[in-house]
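S.K.: After the structure tokens below, expect a handful of questions from me.
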Amino acid sequence: MLTEVIQAADDDMNAAVERAVSLLLDGDVVALPTETVYGLAADAFSPAAIAKIFASKERPLFDPLIVHIASRRDLASVAQVPESIASVVAQLADAFWPGPLTMILPKSDAIPDLVTSGLATVAVRQSAHPVMRAVGKKLGRPLAAPSANRFGRISPTSASAVLKELDGKIPLIIDAGACSQGLESTIISIEPREGKKPIFRLHRAGPITKEQLQEFGKVEKPVLGDLHQPHAPGQLASHYAPRTPFFLIEHAQDFRPEPGKKYGLLCYRGNPADPHVACHDWAQMEALSPGTGKLAEAAVRLFYSMRLLDEAGLDAIIAEPVSETGLGVAIMDRLRRAAHDFSPPA
């Protein structure tokens with residue numbers, strides 16, 4: 001299969017959307033940009049099209065997909081919102097949609113079981129990206145769209161990254177440049193409480209932070225389920241991983257390099273005096289927020305920087321932790337899931 005890449009600049013946006021919708025109507029899959037990462041989209045109501053997502057990504061069927069709606073009005077077509085949480089769902093949608101918040105809700109009968117991996121719930125969000133929204137609106141149907149990469153690998157934040165992952169496996173990539181957020185959406189489920197604010201179970205940390213959600217409810221960790229039947233997308237312990245052995249090392253003094261091996265460093269600021277930077281003569285170093293240490297910039301650069309190090313021919317990649325506040329919670333979640341081990345190489 002030849003994978004076509006079409007630019008979606010303002011002057012040829014319509015042509016890109018038309019081509020994507022044509023393929024989707026034929027039951028095919030298309031890689032589309034969102035504000036978080038590039039997604040591999042298919043008609044959420046078509047089991048045959050959804051099966052192509054799983055096949056293209058080599059994704060296990062027990063890992064559910066996120067469904068993207070083009071408009072708030074489309075929510076009723078994919079989910080059955082109970083009266084007990086209808087008010088808070090509306091409040092969250094007012095505050096964070098379109099945007100990188102995914103809510104887990106009881107699914108409608110129109111959503112195939114393949115989308116939800118047999119679960120009675122569906123993960124839903126409304127993307128803020130104009131291309132994703134335009135395609136969904138033109139198609140007139142919701143889109144199921146996990147990240148456009150092979151299962152378990154580094155999420156793609158550019159069309160070129162999608163091409164490296166899925167070239168020859170999918171017919172089309174719409175290139176709209178780099179993603180503005182760089183981290184997958186925050187995923188929550190909602191538990192009502194009589195006379196109190198609801199509980200939000202934080203299934204995946206993301207751009208919408210715990211601090212932002214706390215205005216509307218109490219944020220708690222989810223009750224851990226069986227890893228072979230996740231309750232939400234992106235829940236497997238090993239995920240977002242480069243091919244190169246990847247180690248998250250909390251303290252620089254714990255790093256013990258093996259003679260003759262080439263190590264790369266994924267660091268926060270990259271300042272020469274920082275302990276992780278200074279502790280070794282790194283073959284390659286990528287800073288998430290060069291010099292300044294801003295978590296928002298680090299989030300955008302995370303997967304891009306991981307991919308650069310993965311393609312550098314290193315023996316191992318060492319990652320420096322970031323502060324687990326705000327967006328740092330989501331960054332550390334991705335680093336831990338990508339890591340082969342929480343200890344340094346032997």
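What follows is calculated from the coordinates using simple rules that are stated; it is not laboratory data. None of these values were measured; they are calculated from a predicted model. FYI the Cβ positions are ideal-geometry reconstructions off the backbone, even for glycines, and counts take in every protein chain you see.
S.K.: Using Cα atoms only, what is the angle between the long axis of helix 47-57 and the major principal axis of the chain, expressed in degrees (0 to 90) to the nearest 10?
M.R.: So the inclination is approximately 10 degrees.
S.K.: Of K57/K210; K52/K107; K107/K164; K137/K164, which sit over 32 Å apart, Cα to Cα?
M.R.: Too far apart for the 32 Å limit: K107/K164.
S.K.: Tell me what the chain gives for mean residue ellipticity at 222 nm when only DSSP H runs of n ≥ 4 count, each as -39,500 (n - 2.57), the sum divided by the residue total, rounded to 500 deg cm²/dmol.
M.R.: Working: 11 runs with 99 residues, N = 346.
The per-residue figure over the chain is -8000 deg cm²/dmol.
S.K.: Of G326, G260, I249, which is farthest on the positive side of the dipole of the range 246-338, counting Cα position, with +1 on Lys and Arg Cβ, -1 on Asp and Glu Cβ, and the Cα centre as origin?
M.R.: G326
S.K.: Taking every pair of distinct Cα atoms and averaging 1/r, then inverting, what Kirkwood hydrodynamic radius in Å comes out for the chain? Before the final figure, lay out the partial values.
M.R.: Details: mean 1/r = 0.0485 Å⁻¹.
Final number for the Kirkwood radius of the chain is 20.6 Å.
S.K.: Right, another one. Can you pull the semi-axes for the range 246-338, root of five times each eigenvalue of the Cα gyration tensor, sorted largest first, whole Å?
M.R.: Those come to 20, 14, 12 Å.
S.K.: Evaluate the relative contact order of the range 1-141 (contact order divided by residue number), counting alpha-carbon pairs under 8 angstrom at least 6 apart; express in whole percent. Numbers along the way, then the final one.
M.R.: On the way: 213 pairs, mean separation 43.1, N = 141.
The normalised contact order for the range 1-141 reaches 31 percent.
S.K.: Against the longest alpha carbon principal axis of the chain, how many degrees, from 0 to 90 and to the nearest 10, is the axis of helix 83-96 turned?
M.R.: Once rounded, the angle reads 60 degrees.
S.K.: Divide, for the range 68-204, the radius of gyration over alpha carbons by 2.2 N^0.38 Å, where N is the residue count.
M.R.: Numbers: Rg = 15.9 Å, N = 137, 2.2 N^0.38 = 14.3 Å.
Compared with the compact-globule rule of thumb, the range 68-204 sits at 1.12.
S.K.: Ok, one more. For the range 116-129, what does the Karplus curve 6.51 cos²θ - 1.76 cosθ + 1.60, with θ = phi - 60°, yield as ³J(HN,Hα) per residue in whole Hz, taken in order and with x for Gly and Pro?
M.R.: For the range 116-129, the Karplus-derived couplings read 9, 6, x, 6, 7, 10, 10, 8, 10, 8, 10, 5, 8, 6 Hz, x marking Gly and Pro.
S.K.: Can you pull out the GluC sites (Glu not before Pro) in the range 148-231 that DSSP calls coil and that have at most 11 other Cβ atoms within 10 Å? Don't jump to the answer; show the numbers that get you there.
M.R.: On the way: sites: E165, E184, E194, E211, E215, E220; in loops: E184, E194, E215.
When the GluC sites (Glu not before Pro) of the range 148-231 are filtered for loop state and at most 11 Cβ neighbours within 10 Å, E194, E215 remain.
S.K.: So if a site counts as exposed when it's one of the chymotrypsin sites (Phe, Trp or Tyr not before Pro), its DSSP state isn't H, G, I, E or B, and it has at most 14 other Cβ atoms within 10 Å, what's the longest stretch of the chain without one?
M.R.: Counting only loop sites that pass the neighbour cut-off, the longest clear stretch is 63-341.
S.K.: Project the alpha carbons of the range 1-145 onto their principal axes and report the range along each, largest first, in whole Å.
M.R.: 47, 33, 22
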